[in-house]
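Data first, discussion second: the structure below is written as structure tokens.
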């Protein structure tokens with residue numbers, strides 16, 4: 001099966017946060033607050049995918065109210081934070097959404113994603129993922145984490161499925 005055929009089968013997306021939705025950098029303020037930066041073009045693609053009915057989940061070991069708020073404003077309801085066992089959360093989410101592994105694209109970038117990405121979904125990663133992740137990924141985005149990798153995979157899937165449209169009702173958030 002070609003990579004394009006695999007993209008056409010995708011019905012849902014699951015993403016890690018740090019290194020995928022963000023560039024992996026954390027700015028620590030004097031008060032100890034940890035700040036992350038999101039890419040607006042990734043946000044547009046996430047909003048459009050939600051509006052077109054694609055289930056999206058975020059599974060992260062991190063625990064940031066700011067990150068959770070950002071994702072909720074984009075329309076993502078399934079945000080799983082402070083997760084130490086990503087596989088059980090992933091499997092439970094797939095079952096709840098009545099999906100098969102082949103229908104879910106998971107994008108991760110580092111060691112905590114490795115076990116989940118091995119043999120249980122369509123594994124994808126940003127261009128700057130660690131080598132172990134790149135080795136098992138079926139697709140490596142030409143974009144880095146936090147700078148378009150998420151947009152890249154969502155847009156590819158949606159264009160191949162003719163669901164990528166210009167939606168003027170999406171606001172930048």
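Some values worked out for this structure:
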{"quantity": "Bins of 10 Å, starting at 0 and running to the largest distance - Cα pair percent for the range 3-160", "calculated": "11, 45, 37, 6, 1"}
{"quantity": "Extension reserve of the residue 97-residue 41 stretch, reckoned as 0.36 nm per residue once the Cα distance is removed", "calculated": "17.5 nm"}
{"quantity": "Mean residue ellipticity (222 nm) of the chain, computed from DSSP H runs ≥ 4 via -39,500 (n - 2.57), nearest 500", "calculated": "-10500 deg cm²/dmol"}
{"quantity": "Two-site FRET efficiency, residue 34 against residue 69, from Cβ-Cβ distance with R₀ of 22 Å, rounded to 0.05", "calculated": "0.95"}
{"quantity": "Distance between the range 125-142 and the range 10-25 - C-alpha centres, whole angstrom", "calculated": "12"}
{"quantity": "The chain - percent relative contact order, Cα under 8 Å, separation 6 or more", "calculated": "30"}
{"quantity": "Compactness index (Cα Rg / 2.2 N^0.38 Å), the range 91-135", "calculated": "1.17"}
{"quantity": "Over the range 123-169, relative contact order from alpha-carbon pairs under 8 Å, at least 6 apart, %", "calculated": "30"}
{"quantity": "For the chain, built as a Gaussian network whose Cα springs stay under 10 Å, the top-fluctuating residue of 113, 42, 78", "calculated": "78"}
{"quantity": "Size-normalised alpha-carbon gyration radius of the range 80-173, reference 2.2 N^0.38 Å", "calculated": "1.16"}
{"quantity": "Length released on extending from residue 131 to residue 27, taking residue separation times 0.36 nm less the Cα-Cα span", "calculated": "34.9 nm"}
{"quantity": "Within the range 1-159, percent of DSSP bridges classed antiparallel, to nearest 5", "calculated": "15"}
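Throughout, read-outs are computed from the coordinates displayed, never taken from laboratory work. Quantities reported herein were computed from a predicted structural model and do not represent experimental measurements. So basically every Cβ, Gly included, is an ideal-geometry build from the backbone, and we count neighbours across all protein chains shown.
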